[in-house]
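To start, the structure itself, in structure tokens.
The values are calculated or read from the model by the stated rules, or taken from the named source; none is laboratory data. Not measured: the values here are computed from a predicted model. Note that each Cβ is placed from the backbone with ideal geometry, even for glycine, and that neighbours are counted across all protein chains shown. Side chains included, ligands, DNA and RNA excluded: accessible areas come from the protein's heavy atoms. Shrake-Rupley method; radii C 1.70, N 1.55, O 1.52, S 1.80 Å.
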Amino acid sequence: MSSQQPTDEPVYDDRVYRSPMAVVTGVLLLALIAWLCGDALVRGKGDAPWFAAAVALLTVPLTVAFTIRPAVFANDDRMRVRNPFRVIELPWASVDAVRAGYSAEVLAEGSKYQLWSVPVSLRERKKANRQQVSRRGGLTGKGLSSQEQADAAAAADPQRAHADQVVDELRELAERGVSRAGAQGRVRVRWSYEVIAPAVAGAVFLIVLLAIG
């Protein structure tokens, strides 16, 4: 039996998956930090402006890292996971599984990477499952794990929790793209020093201020 050769087809624009609630939270926190630290910088006396600068240097990159920054970009060839402190690029041929249990994650080359931008809401999942149960007329799902209930729900009814819908789409892209020429290769992981460096600098600055204060 001849092996399937990788196919080279057009690559379309990335699908982008974010958490709208996390982005809104991040924007509000940044506004609060700007207000408090900005006021201390302008009106503060003594060491207050220095402490405000150190706190801002520490908290702004961390706030961005955990709220606004996380995203998943997926196209026909690969998935790029942008987490708080790392960027993971996964060609579809390297992906072993995409799943959503208590968190959304991708398994590749013996490692597990969490999808920070795809939060799993057990309440939302249970609500969707209850609606499916009522429509199917009595299927309770007792004795099944959350992952098994999610998979069973997918087979029986199209209504899904948001995280499960995203995982379904990523699985579909992975299955379609695994044989493409552009989907071959190994996982690449890059640390996000543009986030880490200012946060570390802010922490060191704050420690020095506390030590000499």
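Within segment 174-213, the set of residues being among the polar types (S, T, N, Q) and open to solvent by less than 40 Å² (accessible area, probe 1.4 Å) comprises S179, S192.
Test V87 against the criterion of being under 12 Å from R188 (Cα atoms), open to solvent by less than 40 Å² (accessible area, probe 1.4 Å), assigned to a strand (DSSP E or B) and among the aliphatic types (A, V, I, L, M), and give yes or no. So V87 passes the test.
Just so you know, in segment 51-77 the residues that are touching a residue at least 60 places away in the same chain (Cβ under 8 Å), touching a helix residue (DSSP H, G or I) at 6+ places or on another chain (Cβ under 6 Å) and over 29 Å from A211 (Cα atoms) include one that is least open to solvent (accessible area, probe 1.4 Å), and it is A74.
The lone criterion from (1) under 30 Å from Y113 (Cα atoms); (2) free of Cβ contacts under 8 Å to residues at least 40 places away in the same chain left unmet by A48 is number (1).
Evaluating V81 against the criteria (1) open to solvent by less than 30 Å² (accessible area, probe 1.4 Å); (2) part of a loop (DSSP other than H, G, I, E, B) leaves one unmet condition, (2).
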